[in-house]
Amino acid sequence: MERYPLKKCKGCGEVKPTTEFHTHKVKGKVYPATYCKPCNVERNRQWRKKNPLKRSYHHKKSHAKERGIAFTLTFEEFSELWTGNCAISGVKLSGIGNKVDSGQLDRINPQLGYVTGNVHFISFRLNRIKSDATLDELKSIVKYLEEVLK
């Protein structure tokens, strides 16, 4: 990269040292990126804000790969699943994420992975409640609440 000691950023228009740019390889040669590091960070932030569903899809897909969990959903299938409401309670979800009122992609049968027909979006709250509870435990809670709240 010594051939290019300075470079103009496509984002901010400033001329900066190439050390202020990430690098990429093209046919074995290393080149500075088009945007400087701060502009690239801002571009990525704006993209994530504008494309929350795509971000969530790619994040879930790579997370599943890291953990060795099957993931065969296409982005189209993933986006069709997102209705903005919890598939269990019907409550309106604020978005996708880890907040109490947000939605998460849930595997109905965890052993099958993220495959067509085995996933739906449910609220973070319900996903946490059912995360490690057995069916008998959940039934006993419902039975107790039905008796107490009569």
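The numbers here are math on the coordinates, done by the rules we state, and not lab data. These numbers were taken from a predicted model, which means no experiment stands behind them. Using ideal geometry, Cβ is built from the backbone for each residue, glycine included, and neighbour counts are taken over all protein chains shown.
A few points about this structure:
- Relative counts (whole %) of C-alpha pair distances in region 36-92, using bins that are 5 Å wide: 4, 16, 17, 19, 19, 14, 7, 3, 1, 0
- Cα-based helix-to-principal-axis angle, 52-67 vs the chain, degrees rounded to 10: 80 degrees
- Take every pair of alpha-carbon atoms less than 8 Å apart whose residues are at least six positions apart; their mean separation over the length of the chain yields a relative contact order of 13 percent.
- If you take the Cα centroid of region 71-144 and the Cα centroid of region 1-58, the two points sit 36 Å apart.
- The calculated FRET efficiency for Ser89 paired with Asn44, based on their beta-carbon distance and R0 = 25 Å, is about 0.15.
- Taking each DSSP H run with n ≥ 4 as -39500 (n - 2.57) and averaging over every residue of the chain yields -12000 deg cm²/dmol at 222 nm.
- Folded to 0 to 90 degrees: helix 37-50 orientation relative to the chain principal axis, Cα: 30 degrees
- By the compact-protein rule of thumb, 2.2 N^0.38 Å, the alpha-carbon radius of gyration of the chain corresponds to a ratio of 1.52.
- Pairs over the 21 Å Cα-Cα cut-off, from the set Lys8/Lys37; Lys60/Lys130; Lys65/Lys92; Lys65/Lys130: Lys65/Lys92; Lys65/Lys130.
- Taking Cα atoms only, the orientation of helix 135-148 departs from the longest principal axis of the chain by about 60 degrees.
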